[in-house]
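The values are calculated or read from the model by the stated rules, or taken from the named source; none is laboratory data. The structure displayed is predicted, hence computed values, not measured ones. Note that we place each Cβ from the backbone using ideal geometry, even for glycine, and neighbour counts take in every protein chain shown. Side chains included, ligands, DNA and RNA excluded: accessible areas come from the protein's heavy atoms. Shrake-Rupley method; radii C 1.70, N 1.55, O 1.52, S 1.80 Å.
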Amino acid sequence: MTFFASSRRRFAAAGAGIAVAALALTACAGGSGSETSESPAGEEGYGDLTLQLSWILNEEFAGEYFADSNGYFDEAGFSSVNLVPGPSTGVAELVSGTADIALSDSVSIGSAVANEGAPLKIIGATFQSNPFTILSLADGGDIATPEDLIGKRIGVQDSNTTLFNALLAANDIDPSELTIVPVQYDPAPLVNGEVDGFVAYLTNEAISVEMEGLDTTNLAFAENGLPFVAETFTVTDEQIANNREMLKAFLVAEIKGWTDALADPQAAADLAIETYGADLDLDPAKTLAGAEAQNLLIVSDETEANGLFTISEELQAMTIASLAGAGVEIEAGDLFDLSLLAEVYEENPDLIAYAG
């Protein structure tokens with residue numbers, strides 16, 4: 001499994017084949033968690049929970065690894081938490097009931113809600129700023145501004161086409177003004193000069209190419225019209241209505257896990273390399289660099305003041321505006337439900353300091 005296979009999964013058109021299923025279901029996200037009651041976990045706890053991850057078991061999910069290995073999921077009342085690797089947007093798994101919670105993104109979830117009627121909500125976000133970028137070589141395409149895209153050959157993965165088109169729309173660039181080259185997730189076409197730019201992750205492919213000794217230029221989506229949240233905790237409306245205490249217990253465990261990950265990137269990398277992603281042959285230096293880089297996306301003034309995973313009203317509005325740029329019209333109230341996270345911090349105020 002190569003490191004160059006990165007995120008790019010997440011923005012698959014949120015399930016054209018899922019529409020009927022999403023509307024037919026009453027959002028019965030499965031697993032034993034979906035059978036628990038509104039009351040807090042009793043002696044039997046919440047049972048097993050299935051968490052659909054957006055990508056492979058690399059450092060991207062360090063907080064989940066800590067929550068599992070340090071016993072925070074156990075303390076929260078779960079018999080086990082099954083970490084299912086992607087790539088996946090999580091939409092299909094949530095609406096079909098094969099996952100209780102999914103780590104996804106606001107574009108995929110917003111598209112599913114607005115266009116397919118999927119009964120989903122984002123209840124928190126690990127990444128306060130999305131890590132997507134147009135990666136280019138400094139002595140090649142050197143794409144530093146949106147205008148630099150014009151006339152260039154840009155490698156775009158199929159799952160990222162909607163997102164890339166949103167970047168163009170946000171910057172008033174017509175797709176006819178450049179050439180889109182279908183690629184996979186390995187940036188070899190960029191390194192080999194087959195494309196001038198490549199849709200990538202700042203915390204993944206951008207690091208990998210730099211580690212090859214190449215000078216790179218990044219056109220970060222978040223700084224060029226698409227400042228949306230990513231690695232979002234997403235659940236069905238039914239889960240929120242019927243399993244509120246279970247979801248809150250899960251968020252508490254996640255907050256503790258990600259606090260540990262933020263405090264010790266090396267330990268986070270080690271968990272990915274030696275335990276959870278042991279069969280992926282992860283590169284130690286690249287994994288540590290990724291763990292350190294993603295921490296910058298997780299912590300913000302908002303999270304320092306109000307706790308991890310919180311999404312300010314301003315950031316919600318920015319996310320909605322980003323979705324509009326992608327042609328997805330949706331209201332914040334139809335995409336976000338941050339009341340559970342607010343209750344978590346109201347009931348556990350020490351977690352804010354814990355996460356600080």
In segment 254-265, which residue that is touching a residue at least 24 places away in the same chain (Cβ under 8 Å) and out of contact with any Asp or Glu (no Cβ under 9 Å at 6 or more places or on another chain) is least open to solvent (accessible area, probe 1.4 Å)?
Ile255
Matching residues, segment 232-245, being surrounded by 24 or more Cβ atoms within 10 Å (Cβ to Cβ) and in contact with a Pro (Cβ under 9 Å, 6 or more places away or on another chain):
Thr236
Does segment 338-355 contain any residue that is in contact with a strand residue (DSSP E or B) (Cβ under 9 Å, 6 or more places away or on another chain) and open to solvent by 20 Å² or more (accessible area, probe 1.4 Å)?
yes
If you take the residues of segment 96-143 that are in a strand (DSSP E or B) and open to solvent by 10 Å² or more (accessible area, probe 1.4 Å), which of them is nearest to Ser80 (Cα to Cα)?
Lys121
For segment 167-183 the number of residues that are without any contact (Cβ under 8 Å) to a residue 24 or more places away in the chain and among the acidic types (Asp, Glu) is 2
Restricting to segment 261-302, name every residue that is small (Gly, Ala, Ser) and in a helix (DSSP H, G or I).
Ala261, Ala263, Ala267, Ala268, Ala269, Ala272, Ala278, Ala285, Ala289, Gly290, Ala291, Ala293
So for segment 279-295 (the condition being under 17 Å from the mean Cα position of the chain (by Cα) and of a type in the set (A, V, I, L, M, F, W, C)), does at least one residue qualify?
yes
Only one of Ala27, Ala22 that is assigned to a loop (DSSP other than H, G, I, E, B), at pLDDT below 90, farther than 21 Å from Ala230 by Cα and open to solvent by less than 20 Å² (accessible area, probe 1.4 Å)
Ala27
State which residue pairs qualify: first residue touching a residue at least 12 places away in the same chain (Cβ under 8 Å) and under 19 Å from Phe132 (Cα atoms) and inside segment 276-302, second residue among the charged types (D, E, K, R) and crowded, with 17+ Cβ neighbours inside 10 Å in any location, beta carbons under 7 Å apart, and separation of 6 or more residues or different chains.
Thr287/Glu59; Gly290/Glu59; Ala291/Glu59; Gln294/Glu60
Taking first residues from segment 184-197 that are aliphatic (A, V, I, L, M) and second residues anywhere that are in a helix (DSSP H, G or I) and surrounded by fewer than 24 Cβ atoms within 10 Å (Cβ to Cβ), the pairs with Cβ under 6 Å that are 6 or more apart or on different chains are Val195/Pro189
Among the residues of segment 45-95, write down those that are in a loop (DSSP other than H, G, I, E, B), open to solvent by 40 Å² or more (accessible area, probe 1.4 Å) and modelled with pLDDT of 95 or more.
Asn70, Pro85
Flagged in segment 303-317 as surrounded by 17 or more Cβ atoms within 10 Å (Cβ to Cβ) and outside any loop (DSSP other than H, G, I, E, B), in numbering order, are Thr303, Asn306, Leu315, Gln316
Quick check: anything in segment 319-328 β-branched (Val, Ile, Thr), at pLDDT below 95, out of contact with any Asp or Glu (no Cβ under 9 Å at 6 or more places or on another chain) and surrounded by 18 or more Cβ atoms within 10 Å (Cβ to Cβ)?
yes
Restricting attention to segment 227-246, which residues are within 17 Å of the chain's Cα centre (by Cα) and assigned to a loop (DSSP other than H, G, I, E, B)?
Pro227, Phe228, Val229
Taking Val191 and the conditions (1) among the hydrophobic types (A, V, I, L, M, F, W, C); (2) more than 30 Å from Ala269 (Cα to Cα); (3) touching a helix residue (DSSP H, G or I) at 6+ places or on another chain (Cβ under 7 Å); (4) open to solvent by 20 Å² or more (accessible area, probe 1.4 Å), which numbered condition does it fall short on, given that it satisfies the others?
(2)
The number of residues in segment 254-272 that are charged (D, E, K, R) and within 17 Å of the chain's Cα centre (by Cα) is 1
